[in-house]
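Contents: one structure, followed by commentary.
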Amino acid sequence: MKHLSGLDATFLHLETPEMPMHVGSLNVLDLPKGYKGDFYEDAKNFMASRIHLADVFTRKLALMPFDMTNPVWVEDDDIDLDYHVRHITLPKPGTNRQLQQYVARLHSTLIDRSRPMWEFFIIDGLKSGQVALYTKVHHAGIDGQAGVEVGKAIFDLEPTGRVVKPPRSRPRSSGYQLGMAELASAALRNTAQQYVKLFKMAPAIARAIGGLAKPDEKAAEKNTTAAPKKFNLFAPRTSLNVSITNQRTFAGRTISLAETKYIAKHFGVSLNDVVMATVAGALRHYLADNNELPAKPLVAGVPVSLREAGDQTANNQASMILVSLATDITDPLQRLKAINASSTASKSTMNRFKAVILDDFPTFAAPWLVSGIASMVGRSGIVNLLPPAANVAISNVAGAPFPMYFAGALVTCYYPVSIASHGTALNVTVQSYNGRMDYGLIACRRAVPDITEIGDYLLAEHKLLMELTQKHPAAAGAAPAPVPPKTVEAPADEPAAAVPVAAKKKPAARKKAPVKVAAAGKAVKAVKVKAPAKAPPKAVARKAKPAPRPTAPKPSARKAAPAKRSGASRAAAA
């Protein structure tokens, strides 16, 4: 048996029917050319040969008597693959929007705790002829980075797969669950070890708390002119910060990874800063549409990994920081700089505590109490009255930079599907994959019924940031390398929509020229990044060998898109 850490078990204790605590992903797959088989049966046989490669597929929970402490993981030697790997056929016409709505519905249901806590769904019926793979795994077993490691167990680098050594035969256990005496004694031993660990770390924790009174020399060396003058203790209240139901809505959008890196290098900020600035601009437009953009800046809750390099353990090793999204700032570039300053300050504070943050802590007699409080808070409506700590959750996970295959089918996209929670009805999680930045937006349907609008605003905000790289010189010492023309992709089959692009002085105005999103039933179209009409700024022109600016094909060359992107364009349908 293996004890759940205090952090892992917290995801179990906080789970309610309205707030399932599992994470997942949506992948659209290109079947091999000329494929005539039954992909569901092939996928099930494929998983049967792989589940022993990751603990999350073969372990289940054993609950403690009276829930006096955290449960333990035990091996399950009777796994029913017909239950864990399921088949769904979409009704006609099988659009991208239908797929996303079905994924939202699947994501709203709880996982059976009496079995290994994972489910895979093979979804066909897409009018593109592709198939989709939707996966969900309970957050008690993995965090974002551990999920990437699990992906390595089920994905291959070649369509022919790889040779996987079968598991060693082990004697089958005689009991379905462990005995009460065995569980109780294990719980007492584990609780004692947790208290000893906490006692040993007490001096280090005290030193870290005392160190907050001292200025951070490294942070002081950085430019903080763009930092918010005051970071409020609580975030402003919006329609995103309410008690949620178990109903979900989901949208996926794709942005070029090369372009995102280009923006980050050009302005001398991090990739995460560009992601947060893109989400900030989208939310600013979305809230302004309903005349509810608060005067105070929105705040994002951003997970921070505590995992050591090379650690592939399937558990949770993360904490969270709060970052101002500077939505009170009109200018997108100044907003990006303010986000960079806020995230730098928050990361600096986190780094001073990182070594003493506990992911395993004593929880004796806590499970039943925490679960009761979580249920009461969600159903009482108290969340609607309390000021929120954060308005939105934003997470960025580094994925594989190369193409992968599942059961011989090419994985064309990797949209994450995360957790909406009481008080934070919208979660935006981003995963990079094979040159893409796949944004997965999951929300409570009643709080955010029009989530596709936020997705469209994401594309418009990214386009605006790319245009600003043509109007402003590169940051000192951070001249970006040239990138080839890329496209900003919107999923096909979405209802035609007009997305206003922010003007220089009035970004929230809705009367500006719209950025059109692909209409229903049409292929994805590239959003071109125009070359600058005027010569580059003098500061850049004086350089002996200026780095070439990224250019895009002329607008008339719409049908000259490389044929090799056809798979990625279809992948954007997820």
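The values are calculated or read from the model by the stated rules, or taken from the named source; none is laboratory data. These figures come from a predicted structure and were not determined experimentally. Neighbour counts are summed over all protein chains in view; Cβ atoms, including those assigned to glycine, are modelled from backbone coordinates with ideal geometry. What goes into the accessible areas is simple: the full protein's heavy atoms, side chains included, and nothing from ligands, DNA or RNA. Shrake-Rupley method; radii C 1.70, N 1.55, O 1.52, S 1.80 Å.
Kirkwood hydrodynamic radius, computed over distinct alpha-carbon pairs, for the range 21-70: how many Å, to one decimal? Please report the intermediate quantities before stating the final value.
Details: mean 1/r = 0.0677 Å⁻¹.
In the range 21-70 this quantity evaluates to 14.8 Å.
Given contacts defined as C-alpha pairs under 8 Å and at least six residues apart, what's the relative contact order of the range 50-164, whole-number percent?
Values: 138 pairs, mean separation 31.9, N = 115.
Relative contact order, the range 50-164: 28 percent.
Hey, can you rank 406-419, 445-458 by average C-beta count inside 10 Å, highest first? Let's see the in-between values first.
Values: 406-419: 24.4, 445-458: 21.4.
In decreasing order of mean packing, 406-419, 445-458 become 406-419, 445-458.
Compute the orientation-averaged projected area for the range 1-125 from the convex hull of its Cα atoms and round it to one decimal in nm².
Details: hull surface 38.0 nm².
Result: 9.5 nm².
Considering only protein heavy atoms and a 1.4 Å probe, what is the carbon-and-sulfur percentage of the accessible area of the range 21-138?
On the way: 2390 of 4580 Å².
Carbon with sulfur: 52 percent of the solvent-accessible area.
As a test of understanding, state the convex hull volume per residue of the range 63-138 from its alpha carbons, in Å³.
Numbers: hull volume 7.5 nm³, N = 76.
Hull volume over Cα atoms, normalised by residue count, gives 99 Å³.
Averaged per residue, what accessible surface does the range 398-454 expose to a 1.4 Å probe, in Å²? It would help to have the intermediate numbers written out before the result.
Values: 1450 Å² over 57 residues.
With all protein chains present, the range 398-454 gives 25 Å² per residue.
Around N45, with a cut-off of 15 angstrom between Cβ atoms, what is the net charge of the other residues, counting Lys and Arg +1 and Asp and Glu -1?
Local net charge: -3.
Between beta-carbons, use under 13 Å as the cut-off and find the net charge around T89, counting Lys and Arg +1, Asp and Glu -1.
Every neighbour counted, the sum reads +1.
Over the range 52-155, with the other protein chains present, what is the accessible area per residue in square angstrom, probe 1.4 angstrom? Intermediate values should be presented prior to the final figure.
On the way: 3670 Å² over 104 residues.
Normalised by residue count, the accessible surface of the range 52-155 is 35 Å².
Quick one: which of K296/K347; K2/K44; K265/K337 span more than 20 angstrom between C-alpha atoms?
Listed pairs above 20 Å: K296/K347; K2/K44.
Work through the residues other than S243 whose Cβ is under 12 Å from its Cβ and net out their charges, Lys, Arg +1 and Asp, Glu -1.
Details: positive: R379, R446; negative: E18.
So the environment of S243 carries a net charge of +1.
With only alpha-carbon atoms counted, please give the Rg and Dmax of the range 94-164, in Å.
Rg then Dmax for the range 94-164, in Å: 14.4, 37.
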